[in-house]
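To keep things clear, I will list the structure first and then write my remarks on it.
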Amino acid sequence: MMNEFNPYNCILLVDDDDTSLFLTEMAINRNKFAKHTHSLTNANEALEFIDAYCKEIDEAILEICPDLIFLDINMPGMDGFDFLDSFNKFSENRISKIKVFMLTSSDNPKDREMAENKGVAGYIVKPLTTDKIKELIQAA
Amino acid sequence: MDQLFEFIKGLFSTELWPARWSCGIWSPFHGWLYILSSFLIASAYFAIPLLLFRFMKRRSDLPFIRIFWLFILFILACGSTHLIDGIIFWEPMYRLSAFVLFFTAIVSWLAVYGLFKILPKALELKSPKQLELIINKRTRQLKESNASLKKINEELDNYLYAASHDLKSPINNMEGLLDLLKHDNEALEQTLILEKLDESVRRVKQTIARLTDVIKLEKSPYDDHATNNLNVIIDEVLADNFMIIDSSKAVIKRELQIDSFHYSTSGLKQVLYNLLLNAVKYRHPERVPEITIRFYVKDMRVFLEVEDNGLGIDLARYGDKMFVLFKRLHTHVEGSGIGLYSIKKLIERKGGTISVSSELNVGSTFFVKF
């Protein structure tokens with residue numbers, strides 16, 4: 001039964017759109033999908049965040065390291081695909097266990113294919129609804 | 001007249017002359033040489049039209065079909081004269097012979113006339129070698145236009161992709177917000193959700209306005225060509241954007257090797273406006289923006305350089321996205337992602353190019369070859 005609530009400890013949301021972040025956070029909290037979330041509006045910052053918190057040996061800091069990332073594609077500057085390229089270069093065991101889900105407005109098959117080629121755990125078209133979260137919980 | 005009537009009446013009569021064998025002294029060898037040669041010529045002359053006819057049948061696209069018929073008639077007539085010439089050794093049909101010769105003479109001259117008439121047209125016909133060259137040239141042209149069509153198609157794809165994405169995101173948000181409203185009873189959150197709904201509606205409107213801008217831009221002809229005094233044009237662009245430039249405290253230098261330049265006035269202003277504004281927008285927060293505008297001539301072409309000491313761009317990473325519609329490289333500054341795309345289109349449409357060199361945290365230089 002424990003598994004039904006908070007299947008994830010920390011979820012990192014990377015999206016340049018405030019409203020979209022707000023909605024995703026609401027959906028996660030409502031469905032008790034994670035203990036806490038951390039939102040960043042810039043892919044570069046997200047890389048720095050992972051670099052800072054996921055390489056530590058200190059358990060207290062590792063708590064902040066996300067076990068799941070919801071990643072937008074279209075962001076100014078570094079986009080979601082650029083992020084994945086850099087993210088996949090991390091060799092730490094802790095980081096390689098982080099699941100990355102694309103969460104995007106794009107339902108373009110090319111984007112989906114590209115994301116899959118870059119090894120994402122899933123591809124979700126926005127908005128993140130309760131139904132979609134339920135599916136994720138079943139899969140988790 | 002009497003002679004003519006008599007000639008026609010007795011066209012086939014042979015009584016008035018001796019057969020050729022009895023006229024003069026023919027050795028059998030001499031006579032048969034004459035006769036056989038005449039028949040061989042005649043049979044060859046009858047065979048040639050048959051082959052020509054077959055050729056005409058097979059080649060339905062043959063030009064000058066009437067001259068072919070005339071030639072068939074001409075060759076048949078020639079053959080008949082030789083045939084009669086041989087027969088005369090036994091049957092002295094000299095009247096018929098004269099008539100056939102006369103007929104052949106007329107057909108021969110008709111053929112001469114016909115050939116003379118079509119000669120200029122026939123000369124225009126391309127030889128297979130010439131045709132091959134033409135085909136090669138056309139193939140090359142087709143390949144080129146195919147490549148440019150592909151490029152246009154790709155651009156259109158990018159455009160539609162960008163447009164649909166920018167419309168979809170706020171609409172998806174609205175869908176999510178409405179869903180929240182339906183299930184949320186807390187008054188505080190409702191106000192927040194309504195605010196965000198307002199914001200989403202504003203974004204849809206903004207995106208539609210931007211799309212309209214792009215369409216206008218694609219249609220703008222930029223045909224107001226004139227000799228532009230560069231100092232005047234730069235002054236005008238600076239004056240139009242006085243507020244933005246003044247508040248940035250930017251120092252703008254001019255290095256003009258030429259005073260004037262013949263180009264679309266509105267196009268030139270558009271290019272300068274976008275490059276200047278970019279330089280101001282993406283200034284470095286820790287130093288006074290310095291922007292240099294250079295105009296010079298090299299290899300008979302006019303060049304423009306706009307150099308700044310701003311944020312710079314990681315070209316290895318973002319170089320290919322610089323001039324793409326709706327792509328923005330910096331997050332902290334408001335931008336529509338149209339500016340560089342639009343001036344690239346404009347410059348390229350007029351046969352020029354635009355490129356950029358840049359170093360992160362040092363600055364960027366845009367190069368325009370008009």
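Do the conditions hold for B:Leu329, that is, is it over 18 Å from B:Val237 (Cα atoms), under 39 Å from the mean Cα position of the chain (by Cα) and either at pLDDT 85 or above or within 14 Å of another protein chain (Cβ to nearest Cβ) (or both)?
Values: over 18 Å from B:Val237 (Cα atoms): yes; under 39 Å from the mean Cα position of the chain (by Cα): yes; either at pLDDT 85 or above or within 14 Å of another protein chain (Cβ to nearest Cβ) (or both): yes.
For B:Leu329, the condition - over 18 Å from B:Val237 (Cα atoms), under 39 Å from the mean Cα position of the chain (by Cα) and either at pLDDT 85 or above or within 14 Å of another protein chain (Cβ to nearest Cβ) (or both) - is met.
For residues that are facing chain B (nearest Cβ under 9 Å) and polar (S, T, N, Q), scanning just region A:15-61, find the one that is farthest from the chain's Cα centre (by Cα).
A:Thr19
Please count how many residues of region B:248-287 are closer than 26 Å to B:Glu359 by Cβ and either surrounded by 12 or more Cβ atoms within 10 Å (Cβ to Cβ) or not charged (D, E, K, R) (or both). First the steps, then the outcome.
The first filter runs over region B:248-287 and keeps only residues closer than 26 Å to B:Glu359 by Cβ, leaving B:248-257, B:271-287.
Narrowing the set further to residues that are either surrounded by 12 or more Cβ atoms within 10 Å (Cβ to Cβ) or not charged (D, E, K, R) (or both) leaves B:248, B:250-252, B:254, B:256-257, B:271-285.
The number of residues fulfilling the criteria is 22.
Identify, from the list B:Leu33, B:Leu110, the residue that is assigned to a helix (DSSP H, G or I), touching a helix residue (DSSP H, G or I) at 6+ places or on another chain (Cβ under 7 Å) and of a type outside the set (Phe, Trp, Tyr).
Working: B:Leu33 fails: touching a helix residue (DSSP H, G or I) at 6+ places or on another chain (Cβ under 7 Å).
Residue meeting the stated conditions: B:Leu110.
Search region A:71-94 for residues that are within 17 Å of A:Asn117 (Cα to Cα) and pair each with any residue that is surrounded by 22 or more Cβ atoms within 10 Å (Cβ to Cβ) and among the acidic types (Asp, Glu) when their beta-carbon atoms are under 6 Å apart and the residues are at least 6 apart or on different chains.
From region A:71-94, the pairs are A:Asp72/A:Asp15; A:Gly80/A:Asp72.
Out of (1) of a type outside the set (A, V, I, L, M); (2) touching a helix residue (DSSP H, G or I) at 6+ places or on another chain (Cβ under 8 Å); (3) at pLDDT 80 or above; (4) in a helix (DSSP H, G or I), the odd one out for B:Ser364 is which?
Just one mismatch for B:Ser364, condition (4).
Could you run through region A:81-94 and say how many residues are within 12 Å of chain B (Cβ to nearest Cβ) and either of a type in the set (Phe, Trp, Tyr) or within 14 Å of the chain's Cα centre (by Cα) (or both)?
Narrowing region A:81-94 to residues within 12 Å of chain B (Cβ to nearest Cβ): A:81-83, A:85-86.
The next check asks that each one be either of a type in the set (Phe, Trp, Tyr) or within 14 Å of the chain's Cα centre (by Cα) (or both); those that pass are A:81, A:83.
Of the residues in region A:81-94, 2 are within 12 Å of chain B (Cβ to nearest Cβ) and either of a type in the set (Phe, Trp, Tyr) or within 14 Å of the chain's Cα centre (by Cα) (or both).
If the requirement is being surrounded by 18 or more Cβ atoms within 10 Å (Cβ to Cβ) and either in the same structural domain as B:Phe12 (by TED's automatic domain parsing) or over 58 Å from the mean Cα position of the chain (by Cα) (or both), which of these qualifies: B:Tyr45, B:Tyr34?
Numbers: B:Tyr34 fails: surrounded by 18 or more Cβ atoms within 10 Å (Cβ to Cβ).
Matching residue, one of B:Tyr45, B:Tyr34: B:Tyr45.
Name every residue in region A:97-126 that is within 13 Å of chain B (Cβ to nearest Cβ), closer than 21 Å to A:Pro66 by Cα and assigned to a loop (DSSP other than H, G, I, E, B), in order of residue number.
A:Lys126
Assuming A:Leu23 fulfils every condition listed in (1) in contact with a helix residue (DSSP H, G or I) (Cβ under 6 Å, 6 or more places away or on another chain); (2) buried (at least 21 other Cβ atoms within 10 Å of the Cβ); (3) at pLDDT 90 or above apart from one, which condition is it?
For A:Leu23, the failing item is (3).
Just one of B:Ser357, B:Ser260, B:Ser336 is at pLDDT below 85 and over 32 Å from the mean Cα position of the chain (by Cα); which is it? Reasoning before the result, please.
Numbers: B:Ser357 fails: at pLDDT below 85; B:Ser260 fails: at pLDDT below 85.
Exactly one residue qualifies, and that residue is B:Ser336.
Checking B:Asn146 against (1) polar (S, T, N, Q); (2) modelled with pLDDT of 85 or more; (3) loosely packed, with under 10 Cβ neighbours inside 10 Å, which single condition isn't satisfied?
Status for B:Asn146: all satisfied but (3).
For region B:5-19, state whether one or more residues are of a type in the set (D, E, K, R) and touching a helix residue (DSSP H, G or I) at 6+ places or on another chain (Cβ under 9 Å).
Applying the first criterion (of a type in the set (D, E, K, R)) to region B:5-19 yields B:6, B:9, B:15.
Pick out the ones that are also touching a helix residue (DSSP H, G or I) at 6+ places or on another chain (Cβ under 9 Å) and you get none.
No, region B:5-19 contains no residue that is of a type in the set (D, E, K, R) and touching a helix residue (DSSP H, G or I) at 6+ places or on another chain (Cβ under 9 Å).
Checking the conditions here, which among B:Ile215, B:Ile171 is more than 9 Å from every other protein chain (Cβ to nearest Cβ), within 46 Å of the chain's Cα centre (by Cα), part of a helix (DSSP H, G or I) and free of Cβ contacts under 8 Å to residues at least 40 places away in the same chain? Lay out the reasoning, then the answer.
Working: B:Ile171 fails: more than 9 Å from every other protein chain (Cβ to nearest Cβ).
Step by step, each of B:Ile215, B:Ile171 is checked, and only B:Ile215 is more than 9 Å from every other protein chain (Cβ to nearest Cβ), within 46 Å of the chain's Cα centre (by Cα), part of a helix (DSSP H, G or I) and free of Cβ contacts under 8 Å to residues at least 40 places away in the same chain.
Step by step: first the residues of region B:262-315, then only those that are touching a strand residue (DSSP E or B) at 6+ places or on another chain (Cβ under 9 Å) and aromatic (Phe, Trp, Tyr), then the one that is farthest from B:Asn229 (Cα to Cα). Which residue is that?
Within region B:262-315, the match that is farthest from B:Asn229 (Cα to Cα) is B:Tyr282.
Can you tell me how many residues in region A:66-80 are buried (at least 22 other Cβ atoms within 10 Å of the Cβ) and more than 14 Å from chain B (Cβ to nearest Cβ)?
Total meeting the criteria: 4.
If you scan region B:219-247, which residues turn out to be within 30 Å of B:Leu167 (Cα to Cα) and surrounded by 13 or more Cβ atoms within 10 Å (Cβ to Cβ)? Break it down into steps so the answer makes sense when it comes.
Let us first name the residues in region B:219-247 that are within 30 Å of B:Leu167 (Cα to Cα), namely B:219-222, B:241, B:244.
Of everything in region B:219-247, those that are within 30 Å of B:Leu167 (Cα to Cα) and surrounded by 13 or more Cβ atoms within 10 Å (Cβ to Cβ) turn out to be B:Ser220, B:Tyr222, B:Asn241, B:Ile244.
Out of all the residues in region A:6-13, is one or more modelled with pLDDT of 80 or more, within 14 Å of chain B (Cβ to nearest Cβ) and surrounded by fewer than 21 Cβ atoms within 10 Å (Cβ to Cβ)? Steps first, answer last, please.
Narrowing region A:6-13 to residues modelled with pLDDT of 80 or more: A:8-13.
Cutting the leftovers down to within 14 Å of chain B (Cβ to nearest Cβ) gives us A:13.
Right, trim to surrounded by fewer than 21 Cβ atoms within 10 Å (Cβ to Cβ) and you get none.
No, region A:6-13 contains no residue that is modelled with pLDDT of 80 or more, within 14 Å of chain B (Cβ to nearest Cβ) and surrounded by fewer than 21 Cβ atoms within 10 Å (Cβ to Cβ).
The values are calculated or read from the model by the stated rules, or taken from the named source; none is laboratory data. These numbers come from a predicted model, not from an experiment. Ideal geometry is used to build each Cβ from the backbone, glycine not excepted, and the neighbour counts take in all protein chains shown.
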